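The values are calculated or read from the model by the stated rules, or taken from the named source; none is laboratory data. It should be emphasised that the depicted structure is a prediction, and the values quoted were computed from it without experimental measurement. Heads up, the Cβs are rebuilt from the backbone with ideal geometry, glycines too, and the neighbour counts pull from every protein chain shown.
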Amino acid sequence: MVQTASGQIQPDPLGLDRGYYLDRDCTTLSRHVLQQLQSFGPDAQDISALMNRIGLAGKLIARRLSRAGLVEGTLGFTGEVNIQGEEVKQMDFFSNAVFISTFKQSGLVCRLASEEMDKPYYIPENCPIGRYTLLYDPLDGSSNLDVNMNVGSIFAIRQQEGYDEEGEALDLLQGGHKQNRCWDTILYGSLARLLGLFNWEGGVHSLYF
């Protein structure tokens, strides 16, 4: 049963009282970011913008995964081997390309470092003002795809130290205790979910796309 604007109780043909809709108490990534924007300084606002880009990348990857086996180029290997000696899967290649293309438009990220690339990827148009680096595994556990098990994207955001004029990215070779922004994991399944620790606001959060 549902209540109308006039206060009358009527049958519920759409199933609204049975949960066939997005629960208003469900915290999505976009909703969480909007709630936090007014509470923190410029750095936190940068991270909020970056988290929205990560959310976009996650949605694109989740959409592709939902069609695995139905769309050409989603399963199987590319024939290449990554820097860790692992055979690169089609979805590894696709997911890495998604992160790169998504952050090219961010204006905030100058470098991306992935296990699918031998060296960091630079975005020259972002580097004059982009002071952040995204370190990530675009699709962790991709070997699980053939047996229909969960996979995920793992990433961290770090602030660049110095100007990296030589293009060697030496400031990335530091201990994990110097991680000063956030780290997160996107879990892909029947419902994509982001698990994250945001150092700029504290606490661990579980958010939905």
(message) Against the definition (in a loop (DSSP other than H, G, I, E, B), at pLDDT 80 or above and more than 21 Å from Arg63 (Cβ to Cβ)), how does Asp171 come out, yes or no?
(response) no
(request) Give me the pairs, please: first residue somewhere in region 112-127 and polar (S, T, N, Q), second residue anywhere and crowded, with 18+ Cβ neighbours inside 10 Å and assigned to a loop (DSSP other than H, G, I, E, B), beta-carbon distance under 8 Å, and either six or more positions apart or on two chains. (result) Asn126/Ser106; Asn126/Leu108
(request) Could you give me the residue pairs with C-beta distances under 8 Å whose first residue belongs to region 75-100 and is assigned to a loop (DSSP other than H, G, I, E, B), whose second residue is among the β-branched types (Val, Ile, Thr) wherever it lies, and which are 6+ apart or on separate chains? (result) Asn82/Val88
(request) Scan region 143-167 for residues that are outside any helix (DSSP H, G or I), of a type in the set (Asp, Glu) and either at pLDDT 80 or above or under 22 Å from Asp92 (Cα atoms) (or both) and jot them down. (result) Glu161, Asp164
(message) If I ask for residues that are part of a strand (DSSP E or B) and either within 22 Å of the chain's Cα centre (by Cα) or among the hydroxyl-bearing types (Ser, Thr, Tyr) (or both), which ones from region 57-74 would you list?
(response) Ala68
